[in-house]
Amino acid sequence: DKGKHRHFMAKEIAEQPEVVGRTLAEYADFSERAARLPEQVKIDFAKLDRLTITACGTAYLAGLTAKYWFERYARLPTEVDIASEFRYREAPMPKNGAAIVISQSGETADTLAALRYCKSQGQETVALVNVPGSTIAREADAAIFTYAGPEIGVASTKAFTCQLTVLAALAVAAAKARGAITREQERELIGALIEAPRHMAEILKEEKHIADVAREVAHAQDVLYLGRGVNYPIALEGALKLKEISYIHAEGYAAGELKHGPIALIDENVPVIVIAPRDDLFDKTVSNMEEVAARGGKIVLLTDDEGLEAHGQRTFQRIRVPRAHSILSPLLYALPVQLLAYHAAVFMGTDVDQPRNLAKSVTVE
Ligand code: F6R
């Protein structure tokens, strides 16, 4: 049932404040502001040498985001790969290693094969899935869940932000177990995560404006997305969403890679979506943005009030995102990129919930 929404995707985007809050409640103690590791997870984070994360598509991008969190907060070396590559490359895995596979459906063939490989290499395995009872959930040593509810739209939206929510809380739990953060820092990080639903609801109020921006973007043949650090995976996710539902060609790049090739594409016909909260990497990303502007590229800047004040003037379009702790950035910036893709697709008249050539669950390799 789509309720008042025109598409399942619109409904699922709108549900995010609620389902993210519900998911976080399973992985964090709100009154103590403490991370809660589900008891079925037997990973001894304090002794862990390396974490390996594998998944496909959008779930892989949740894993790529989590790498930044596990490395930064937990000081835990973390390797991330797409399952279709990982399963065949015969990666050596450490004795004290653990693996997380991420899958909305819990049925993706390549992800299942990656899980089996990790088990064969003696890794403690955890499956993060949205569908309880799915094959991947059953085969892993421990299954943990996103509480996104059924996701009908082929393009993953609420499952993605719920995956991010769980992974952020797990990274904080790992950080605590490894003695990499203090109790006070744990309170700060979990306290920040608790604010996610409120900020997400605020972003959803900007939908009309984002739809206007999307119509401008939809005239383009090619669109670039730039992000740095923990927001780089969101640039990739923005491009993936736009491609899969609007069929407009898009690519995501780490902002610093721009000058190593893709800048050759820039002219006045190419919108460049810049994901840049005013964090410690903001100035670096802005200098990449200025390289784009100097070549006539149309900048769509996604940032907070401080970022807008500093650099909002000289851009083609702007989308405001609430100012928040940097651990929250990927969770928050995911929403405007979803809405941009959604409204570009509606404008193009494509079949948003059932894009051509795509299936919700990919059970063949
Ligand atoms: C993109 C999308 C796909 C899936 C991928 C993995 O919007 O939905 O890229 O994320 O096929 O699917 P699951 O998570 O079911 O393993």
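The values are calculated or read from the model by the stated rules, or taken from the named source; none is laboratory data. The model shown is predicted, which means the values in this text are computed figures rather than measured ones. Every residue, glycine as well, gets a Cβ built from its backbone with ideal geometry; the counts of neighbours run over all protein chains shown. Only protein heavy atoms, including side chains, enter the accessible area calculation; ligands, DNA and RNA are left aside. Shrake-Rupley method; radii C 1.70, N 1.55, O 1.52, S 1.80 Å.
Key figures
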{"read-out": "Whole-number percent relative contact order across the chain, with pairs defined as alpha carbons under 8 Å at least 6 apart", "value": "20 percent"}
{"read-out": "Contour minus Cα-Cα distance for E268 and A211 (0.36 nm per residue)", "value": "18.4 nm"}
{"read-out": "Alpha carbon convex hull of region 11-54, projected area averaged over orientations, nm²", "value": "5.0 nm²"}
{"read-out": "Given charges at beta-carbon only (K, R positive; D, E negative), |dipole| of the chain in Debye", "value": "300 debye"}
{"read-out": "Per-residue SASA entry for I327, accessible area with 1.4 Å probe, Å² rounded to 10", "value": "0 Å²"}
{"read-out": "Local electrostatic count at E306 - Lys and Arg +1, Asp and Glu -1, tallied over other residues with Cβ under 14 Å", "value": "-2"}
{"read-out": "Inter-part distance where region 152-205 and region 334-359 are each reduced to a Cα centre, Å", "value": "25 Å"}
{"read-out": "Between region 72-124 and region 223-271, the alpha-carbon center distance in angstrom", "value": "27 Å"}
{"read-out": "Solvent-accessible area per residue, Å², over region 262-365 with all protein chains present [probe radius 1.4 Å]", "value": "43 Å²"}
{"read-out": "Residue-span extension gain [H219 to K42] - 0.36 nm each, minus C-alpha spacing", "value": "58.7 nm"}
{"read-out": "Summed side-chain charge close to K158 - residues other than K158 whose Cβ falls under 10 Å, Lys, Arg +1, Asp, Glu -1", "value": "-3"}
{"read-out": "Translational D in µm²/s for region 60-108 (Stokes-Einstein at 10 °C, 1.306 mPa s, Kirkwood Rh from C-alpha pairs)", "value": "131 µm²/s"}
{"read-out": "The chain: DSSP helices with Cα axial extent of at least 20 Å and average Kyte-Doolittle hydropathy no lower than 1.0", "value": "158-177, 329-348"}
{"read-out": "Label zone at D1, where the point sits 7 Å out along the Cα-to-Cβ direction: region 131-160 residues whose backbone N lies under 15 Å", "value": "150"}
{"read-out": "Percent antiparallel among DSSP beta bridges (both partners in the chain, rounded to 5)", "value": "5 percent"}
{"read-out": "Magnitude of the charge dipole, region 119-248, Cβ model with Lys/Arg +1 and Asp/Glu -1, debye to 20", "value": "200 debye"}
{"read-out": "Peptides ranked, highest mean first, by Cβ atoms within 10 Å: ranges 138-150, 207-219, 63-75", "value": "63-75, 138-150, 207-219"}
{"read-out": "Net charge dipole size for region 236-299 [Lys, Arg +1 and Asp, Glu -1 on Cβ; Debye, nearest 20]", "value": "120 debye"}
{"read-out": "Charge-dipole axis of region 202-271 as Lys and Arg at +1 and Asp and Glu at -1 on Cβ define it, positive-most pick from A214, G229, A255", "value": "G229"}
{"read-out": "For the chain: Kirkwood Rh in Å [reciprocal of mean 1/r, alpha carbons]", "value": "20.5 Å"}
{"read-out": "Semi-axes of the equivalent ellipsoid for region 66-218, Cα gyration tensor, largest first, Å", "value": "29, 23, 14"}
{"read-out": "Within-15-Å neighbourhood charge of V80 [Cβ basis; K, R +1; D, E -1]", "value": "-1"}
{"read-out": "Largest to smallest principal axis extent of the C-alpha atoms in region 175-249, angstrom", "value": "50, 26, 17"}
